[in-house]
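Heads up: the structure comes next, in structure tokens.
The values are calculated or read from the model by the stated rules, or taken from the named source; none is laboratory data. Note that the structure is predicted; figures quoted are calculated from it, not measured. Surface areas here come from the heavy atoms of the whole protein model, side chains and all, with no ligands, DNA or RNA. Shrake-Rupley method; radii C 1.70, N 1.55, O 1.52, S 1.80 Å.
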Amino acid sequence: MDSVPRVARLAFTLAPLTLAALSAAAPPAWAQAWVPPAGLGSVTVATQTIHNTGHIDTDGVFLRIGRSVNTRIDICQGEIEMSPFLAK
């Protein structure tokens, strides 16, 4: 008996052929990089608040210890365009 089923062999044969056919049929893509105007920028800020109301023990018993509120503020990303000449 074969160790590889017939359906798997067919899939392993057809997958690369299908990928090659789809890649050959795709039109060429043209992209253009652009530089934002001077003085344009962005900042990403994320916040999160967690209310911890207690703990559940390993046997499923709810314990009312360890209650707290955690608040988190992240400045994840910031960027500003200084000059079009610096971005090249």
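With respect to residue 77, determine if the residue is open to solvent by 60 Å² or more (accessible area, probe 1.4 Å), modelled with pLDDT of 85 or more, not in a loop (DSSP other than H, G, I, E, B) and not aliphatic (A, V, I, L, M).
no
Residues 20, 38: which one is open to solvent by less than 70 Å² (accessible area, probe 1.4 Å) and not in a loop (DSSP other than H, G, I, E, B)?
Values: 38 fails: not in a loop (DSSP other than H, G, I, E, B).
Step by step, each of 20, 38 is checked, and only 20 is open to solvent by less than 70 Å² (accessible area, probe 1.4 Å) and not in a loop (DSSP other than H, G, I, E, B).
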